[in-house]
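K.L.:
Pasting a structure here, questions to come.
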Amino acid sequence: MRGEVTWDYLVELIGYAAAERLSVARGGRGIAVPHNPGPNSPLVAIVGMGAAAILADTFGGDEVMVASGPGIRAEVRRMRAAGMAVSAIAATLRRTERFVFKVLAEEAPGPAGDPPLLARMRGAD
């Protein structure tokens, strides 16, 4: 096993949309990456043939741990805000309770228009 594939690296390799689909389907868990994914490969079903071919070129024959992207993290926060129990969120999203607690302990990202920290600090001068 190669270890966990970071979210940023996954997006760089296969693009945001395919990375998000893979994250939702397998984030926090491993997935086998075949050397030559065919049309019936679970990987192809999740990310499409083009992205699967890129992953095969990079990780073919390995099992990789897929990072959970921002979409699944936002869903955890939304479900918790709606009053769902941690155990129910974990079961619904097929994640561990540990993952749910970890996401809930993270600082939620600000709106997309928020400037980076250094830009905000410069404005305070």
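K.L.:
Being surrounded by fewer than 19 Cβ atoms within 10 Å (Cβ to Cβ), acidic (D, E) and farther than 14 Å from V103 by Cβ narrows it down to one residue among E4, E75; which is it?
P.N.:
E4
K.L.:
Go through region 43-70 and count every residue that is of a type outside the set (A, V, I, L, M), at pLDDT below 90 and open to solvent by less than 30 Å² (accessible area, probe 1.4 Å). So that I can check it myself, show each step before the final result.
P.N.:
Looking only at region 43-70, we keep the residues that are of a type outside the set (A, V, I, L, M), and these are 48, 50, 57-63, 68-70.
So of that shortlist, the ones also at pLDDT below 90 come out as 68-70.
Going one step further and asking which of them are open to solvent by less than 30 Å² (accessible area, probe 1.4 Å), we end up with 68-69.
Here the count works out to 2.
K.L.:
List the pairs whose first member sits in region 44-67 and is on the phi < 0 side of the Ramachandran plot, whose second member is hydroxyl-bearing (S, T, Y), and whose Cβ atoms are under 6 Å apart, counting only residues at least 6 apart or on separate chains?
P.N.:
Close Cβ pairs (under 6 Å, with a partner that is hydroxyl-bearing (S, T, Y)) amount to A67/T6.
The values are calculated or read from the model by the stated rules, or taken from the named source; none is laboratory data. As the structure is a computational prediction, the values presented were derived from the model and not from experiment. In this analysis, Cβ positions are derived from the backbone assuming ideal geometry, glycine residues included, and neighbour counts consider all displayed protein chains. Note: accessible area is taken over every heavy atom of the protein model, side chains too, but ligands, DNA and RNA are not part of it. Shrake-Rupley method; radii C 1.70, N 1.55, O 1.52, S 1.80 Å.
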